[in-house]
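Right, one structure below, let's go through it.
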Amino acid sequence: MKFINKDRVLSICLLAICAFFFVNIQNLKLSQYAGDPGPKMFPMIGIIVCVLCAVWLFIKPDTSEKKPVLTRAQLKSALVLLAIYGLIVLLMWLVGYTATVPIILFILCCLFSKATHPDISVKKMLLRSLIFTVIVSAALYLVYVVVLSTQLPKGILWK
Amino acid sequence: MLQNILDSLQSLLSVTGILYIVLGSLVGMVFGALPGLAGGTIMVMLLPITYKMDPVLVLALFVAIHIGSTSGGCIGSILLGIPGTSSSMATVWDGYEFTKLGDPVRPLSVAVVCNFIGTIPSILIAMFACRVLAEWGVKMGPWEYTSMCVCALVMVIGLSNGNLVKGFAAVGLALLIASVGTDAITGRARLAFGNLFLMDGFNIINIMLGMFAAKIILLEYAHRTKVKDASNIKVRGFKWPGKDLKDNLPNLIRSFITGAFIGFLPGLGAPTSTVLAYSNERMLDKKNKDLWGHGHIGGVIAPEVANNAGIGGAMIPAIALGIPGDAIMVQFLAVMSIHGVETGPMVMRTNPEMVYMLYTAAMVAAVLVLLYETVGMPLFPKFISMPYYFLYPAILVISFVGAYMTAGNMLGVLVTFCACILGLLMDYFDVPTTPFVMAYILAPILEKNIRQGLNYSINGAMDFITRPVSAIFLLVAVAVLVLNVVWPAIKAMRDKKKEAQS
């Protein structure tokens with residue numbers, strides 16, 4: 001049995017999270033209400049539960065071979081999409097909603113088109129994505145901005 | 001009660017009401033049919049848009065999506081062998097066999113009728129049971145509420161794929177994350193690190209957008225599960241399955257009871273009830289033992305009835321006690337709370353129009369879905385051939401914009417992104433997400449009631465054990481835990497014995 005396995009890594013992560021919360025709840029003041037255990041009690045319950053689980057997982061880790069959630073190739077695809085999620089957050093913060101939506105829609109449509117039809121021609125993919133982006137961006141703008149008058153991020157770069 | 005139903009029908013019969021319910025059930029059915037995307041994803045995506053809508057009609061829209069999605073799940077299972085929703089997994093085992101044999105109409109027709117048969121009585125049961133349970137719930141104190149929440153959490157953990165420790169770890173983690181924000185009793189900031197935005201805590205809708213919508217689409221993209229083509233499958237019109245239903249009447253009744261009961265229990269939900277109903281019927285049907293799994297119509301009836309019977313069952317604790325049994329009910333409670341409706345036993349007295357709208361809309365939606373599915377059956381292969389390259393980008397963008405709308409700041413978008421990563425990490429470490437979400441939802445109720453219980457108690461923590469109802473809940477929790485520890489041990493011992501004998 002390998003000393004470092006999935007459950008032991010999880011155990012260490014849980015302990016680190018617990019340590020972080022434990023240190024930070026020390027600053028909390030006690031409640032002024034008589035009989036109230038105070039704001040520390042609830043996070044403390046969470047810490048105790050997590051620590052007990054972490055100790056158990058460290059002592060008795062599951063060593064059975066299990067099918068991985070994602071294969072190496074799938075992980076690569078997942079990371080690409082995760083990076084695009086990150087890009088959504090970044091763009092929304094930097095350039096705001098109006099610019100982010102068409103950019104992301106276009107990128108995602110190209111990505112999903114290629115994944116669904118690997119043999120699709122680049123020209124067809126770009127054209128399809130462009131038409132989709134224009135229609136959906138306009139529809140979303142109409143719903144969010146015109147109909148619902150929602151406050152959406154404007155982007156810090158334009159401030 | 002009748003007056004309340006008539007009032008909700010009146011609201012529903014407005015132009016907007018009809019539009020919501022007609023579109024909601026149709027959209028729900030189509031999305032339920034699409035493998036990977038369930039109605040829950042669509043509901044969580046739509047939640048932020050509903051802030052400015054009429055809350056009563058929003059509930060009608062959501063319940064219509066839920067009914068449509070639960071019923072539509074069988075389409076993907078029967079035609080593609082890929083369940084549209086997790087609750088239609090058991091339908092694949094026998095339903096898809098019929099398609100392989102060139103007869104998809106028979107299981108589809110049976111499933112469509114069984115969905116309807118499962119939904120209507122379960123809603124009627126919920127209508128009566130909620131009133132009784134709410135009357136009883138009003139009399140409960142913080143001790144009983146605390147024990148009930150603990151019992152609910154233990155039940156959810158009990159289903160953590162046989163790994164109790166990781167289920168508890170998920171709960172502990174949820175309790176810690178839920179502690180961030182403002183202390184409910186003193187009103188002081190807690191673990192907010194001086195950040196004004198963090199004082200509101202992390203919104204559950206943001207977490208669900210990340211853990212469900214964003215993570216599901218990411219995994220679907222990575223797994224490339226959409227390569228199967230349904231355009232070659234020919235489905236003719238609906239055929240009344242009278243003989244099949246008559247021959248399987250005991251199966252139908254038993255599966256309904258299983259579905260309704262499991263639906264009522266917190267956290268177990270339709271995936272458990274359908275598999276249980278299927279296994280029960282397979283075990284009981286000794287005559288056709290060899291047919292099960294190779295195209296037996298009873299194998300379609302059992303999961304499809306149980307699946308929809310759970311709809312009403314899940315509504316009972318959510319409405320009467322404010323304790324959601326599953327993630328879908330959380331969304332219903334979220335709609336109510338967004339519009340300032342305090343859920344729990346008092347909701348039956350303070351906002352009966354909302355509660356009765358849920359029932360009425362559910363029944364109208366069930367009729368509509370039956371109509372869509374019987375008339376539109378030849379179009380089913382078209383539903384599951386929807387272009388994912390258009391659908392997924394739109395859902396993702398709407399989800400992230402919705403995340404901003406929910407929180408009103410960029411932190412909401414960041415939380416959605418982080419929740420997606422957390423969900424992926426939990427999948428990697430085999431930590432179940434259901435106990436996490438349930439614990440996160442129940443955390444504020446749990447904390448408020450533990451502290452109030454200790455505050456008002458005469459004997460300190462002993463009051464949680466000495467009050468009879470509270471003690472019963474705790475005993476059930478202990479029993480579930482013991483069963484989860486002892487039962488696998490007994491099973492392992494039996495297997496060892498069998499191995500030794502052979």
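The values are calculated or read from the model by the stated rules, or taken from the named source; none is laboratory data. Computed from a predicted model, the values in this text were never measured in an experiment. So basically every Cβ, Gly included, is an ideal-geometry build from the backbone, and we count neighbours across all protein chains shown. What goes into the accessible areas is simple: the full protein's heavy atoms, side chains included, and nothing from ligands, DNA or RNA. Shrake-Rupley method; radii C 1.70, N 1.55, O 1.52, S 1.80 Å.
Need one word for the protein assembly as shown: rounded, prolate or oblate. Basis is the Cα gyration tensor (sqrt eigenvalues a ≥ b ≥ c); a/c below 1.5 gives rounded, then a/b vs b/c decides.
Numbers: a/c = 1.28, a/b = 1.12, b/c = 1.15.
Cα axes put the protein assembly as shown in the rounded bin.
Taking 0.36 nm per residue of sequence separation and subtracting the Cα-Cα distance, how much length would be gained by fully extending the chain between residue B:233 and residue B:15, in nm to one decimal? Show your work: numbers first, answer last.
Values: separation 218, 0.36 × 218 = 78.48 nm, distance 3.70 nm.
Extending this stretch completely gives an extra 74.8 nm.
Given a 1.4 Å probe and no ligands, DNA or RNA in the count, how much accessible surface is buried by B and A, both sides, to the nearest 100 Å²? Could you put the intermediate results ahead of the total?
On the way: alone 22560 and 12410 Å², together 28970 Å².
Approximately 6000 Å² gets buried when B meets A.
Hey, what angle do you get for helix B:15-33 against the long axis of chain B, alpha-carbon based, 0 to 90 degrees rounded to 10?
Roughly 70 degrees, rounded to the nearest 10.
Leaving out ligands, DNA and RNA but keeping every protein chain, what accessible area does residue A:23 have, in Å² rounded to the nearest 10, with a 1.4 Å probe?
Looks like 100 Å² after rounding.
Taking only the Cα atoms of segment B:91-152, how large is their convex hull per residue, in Å³?
On the way: hull volume 5.2 nm³, N = 62.
Cα convex hull per residue, to the nearest whole number: 83 Å³.
Using only Cα atoms, find the angle between the long axis of helix B:55-80 and the longest principal axis of chain B, and express it within 0 to 90 degrees, rounded to the nearest 10.
So the helix axis and the longest Cα principal axis differ by about 40 degrees.
Remind me, what semi-axes does chain B give for its equivalent ellipsoid, largest first in whole Å, using sqrt of 5 times each Cα gyration tensor eigenvalue? Please list the in-between numbers first.
Numbers: eigenvalues 243, 152, 114 Å².
Semi-axes, largest first: 35, 28, 24 Å.
In Å, what Rg and Dmax follow from the Cα atoms of segment B:94-216?
That works out to 22.0, 66 Å for Rg and Dmax.
May I ask you to derive the FRET efficiency for residue A:126 and residue B:466 from their Cβ-Cβ distance with R0 = 60 Å, giving the value to the nearest 0.05? Can you show the working numbers first?
On the way: r = 71 Å, r/R0 = 1.18.
My answer for the efficiency is 0.25.
Assuming R0 = 30 Å, what is the FRET efficiency of residue B:257 and residue B:337, from their Cβ-Cβ distance, to the nearest 0.05? All intermediate terms of the calculation are to be shown ahead of the outcome.
Numbers: r = 32 Å, r/R0 = 1.07.
The computed FRET efficiency comes out at 0.40.
Is the C-alpha gyration tensor of chain A telling us rounded, prolate or oblate? Criteria: a/c under 1.5 is rounded; beyond that, a/b larger than b/c is prolate, otherwise oblate. The partial results should precede the final answer.
Numbers: a/c = 3.78, a/b = 1.48, b/c = 2.55.
In terms of gyration-tensor shape, oblate.
For residue B:346 and residue A:154, what does the FRET efficiency come to when R0 = 51 Å and r is the distance between their Cβ atoms, rounded to the nearest 0.05? Before the final figure, lay out each step's value.
Details: r = 41 Å, r/R0 = 0.81.
Efficiency, from the Cβ-Cβ distance: 0.80.
Just grab the label-to-label distance for residue A:24 and residue B:7, each label 7 Å out from Cα along the Cβ direction, in nm (one decimal).
4.5
To the nearest Å, what is the center-to-center distance of segment B:430-466 and segment A:100-114, using C-alpha atoms only?
After rounding, the separation between the Cα centres reads 44 Å.
Could you state the angle between the C-alpha long axis of helix B:249-264 and the longest principal axis of the C-alpha atoms of chain B, as a value from 0 to 90 degrees rounded to the nearest 10?
20
How far is the Cα center of segment B:190-216 from the Cα center of segment B:473-502, in Å?
About 38 Å separates the Cα centre of segment B:190-216 from the one of segment B:473-502.
Which pairs, out of B:287/B:498; A:67/B:498; B:100/B:234; A:6/A:60; A:76/A:114; B:287/B:491, put more than 18 Å between their alpha-carbon atoms? Kindly include the intermediate steps, with their values, before the conclusion.
Details: B:287/B:498 26 Å; A:67/B:498 27 Å; B:100/B:234 12 Å; A:6/A:60 12 Å; A:76/A:114 15 Å; B:287/B:491 27 Å.
In this structure, B:287/B:498; A:67/B:498; B:287/B:491 lie more than 18 Å apart at Cα.
With +1 on each Lys and Arg Cβ and -1 on each Asp and Glu Cβ, how big is the dipole of the protein assembly as shown about its Cα centre, in debye rounded to the nearest 20? Each step should come with its number before you reach the end.
Working: 48 positive and 32 negative charges, 283 e Å.
That gives the protein assembly as shown a dipole magnitude of about 1360 debye.
Check which residues have an amide H placed less than 5 Å from residue B:182's amide H, if you skip close sequence neighbours.
For residue B:182, the qualifying residues are B:190, B:201.
At 7 Å along Cα-to-Cβ for each site, give me the label-to-label distance between residue B:500 and residue B:367 in nm.
According to this spin-label approximation, the distance is 6.3 nm.
So what's the projected area for segment A:70-159, the Cα convex hull averaged over all directions, in nm²? Each step should come with its number before you reach the end.
Numbers: hull surface 28.1 nm².
Its Cα hull, projected and averaged over all orientations, spans 7.0 nm².
Using Cα pairs under 8 angstrom and six or more residues apart, how large is the relative contact order of chain B, in percent?
On the way: 892 pairs, mean separation 140.5, N = 502.
RCO, chain B: 28 percent.
Taking every pair of alpha-carbon atoms in segment B:27-124, what share in percent sits in each 10 Å bin, from 0 to the bin with the longest distance?
18, 43, 27, 10, 2
Which of the listed residues, A:113, B:460, B:43, is farthest toward the dipole's positive end in the protein assembly as shown, when Lys, Arg count +1 and Asp, Glu count -1 at the beta-carbon?
So the residue we want is A:113.
Give me the net charge of residue B:490's neighbourhood, meaning all other residues with Cβ under 13 Å from the Cβ of residue B:490; Lys, Arg count +1, Asp, Glu -1.
Details: positive: B:491, B:494, B:496, B:497, B:498; negative: B:495.
It works out to a net charge of +4.
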